[in-house]
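Structure first, then comments.
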Amino acid sequence: MMNLKIPFVLTVVLAFCALGTTKAQLTTGVPVVVDVGNTNSPYVSYLVIDDQSLGNSAIEYAWYYSSNTENGTTNPLTGDDLVNAVVAGTATNSRYALTLITEGGAGVDAGVDGFKIGSTTSTIVSPYDYSATNYWIYWINGGSQTASWTNNYTVTPTNWIVAPDTAFDRILANGSYDGWSLDPYDSSTYTLSGLPPLSLAAVPEPATLPLIILSLATVFAVIRWKSADRNSTL
């Protein structure tokens, strides 16, 4: 069975190798907020998609929900739940219906290649394409996440940071944000230069990236290890 967390390692690697100065925000317009669910519900979490290929305003989906656990369980809601709820909740919205374009159509945890919002499709780039100059980067703000691939490293961000793992083990909280932006990556200097998604309410500047110090040798060893694991489980 395919290890769905592999492609995201590249995203995390690019983030941890960020050494340069961030560039201007990808969009400059006021974010467009799209409500999903019953706005009288006690909880809300946000999913922000931000890239000029989708227009000059980020799309900020506000998902309202009545329980902070998955139906019939005590399991906390995750980034996967947020994405699935937004996709399902906007299916009949011709202008803002969200469709994810993922590796093999296997879902967000398999690797995000792009997005379709309404009839507009974003720039498409595979996280497996190591020659690409831009990649879709997953950001989180609020809630928590434990990175299963690196000694269970846990973050509880109060500002935008690059997510240390996939949406599967990203834990939502009331008012938390998940976001995706297409950010430049310079393979000659190993530099990720970009800003997190521009949201209406969340603080728009990035926090300090997760405090993990990895040498490039270690980083690429992780990629090789994950790739080998993927090949052995196909």
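For the reader, a short list of remarks on this structure follows.
- Qualifying residue in the range 1-20 (condition: surrounded by fewer than 18 Cβ atoms within 10 Å (Cβ to Cβ), modelled with pLDDT under 90 and either under 24 Å from P184 (Cα atoms) or under 15 Å from the mean Cα position of the chain (by Cα) (or both)): yes
- Considering residues of the range 149-185 that are among the hydroxyl-bearing types (S, T, Y) and surrounded by fewer than 20 Cβ atoms within 10 Å (Cβ to Cβ) only, the residue nearest to I49 (Cα to Cα): T158
- Residue within the range 103-111 that is under 15 Å from the mean Cα position of the chain (by Cα), modelled with pLDDT under 95, assigned to a loop (DSSP other than H, G, I, E, B) and surrounded by 17 or more Cβ atoms within 10 Å (Cβ to Cβ) present: yes
- Only one of the listed residues (L200, L195, L216, L211) is on the phi < 0 side of the Ramachandran plot, at pLDDT below 90, surrounded by fewer than 24 Cβ atoms within 10 Å (Cβ to Cβ) and touching a Leu at 6+ places or on another chain (Cβ under 8 Å). That residue is L195.
- Set G143, G55, G79: member being surrounded by 15 or more Cβ atoms within 10 Å (Cβ to Cβ), within 21 Å of L195 (Cβ to Cβ) and out of contact with any helix residue (DSSP H, G or I) (no Cβ under 9 Å at 6 or more places or on another chain): G55
- Condition met for N93 (within 15 Å of the chain's Cα centre (by Cα), within 30 Å of N38 (Cβ to Cβ) and outside any strand (DSSP E or B)): no
- Residue ID - nearest to A91 (Cα to Cα), chosen from residues in the range 119-131 that are in a loop (DSSP other than H, G, I, E, B) and among the hydroxyl-bearing types (S, T, Y): S119
- Apart from one condition, N75 fits all of (1) free of Cβ contacts under 8 Å to residues at least 60 places away in the same chain; (2) closer than 14 Å to S181 by Cα; (3) over 13 Å from the mean Cα position of the chain (by Cα); the exception is (2).
- V86 vs. criteria part of a helix (DSSP H, G or I), of a type in the set (V, I, T) and in contact with a strand residue (DSSP E or B) (Cβ under 9 Å, 6 or more places away or on another chain): yes
The values are calculated or read from the model by the stated rules, or taken from the named source; none is laboratory data. Not measured: the values here are computed from a predicted model. As a convention, Cβ positions derive from the backbone with ideal geometry for all residues, glycine included, and neighbour counts pool all protein chains shown.
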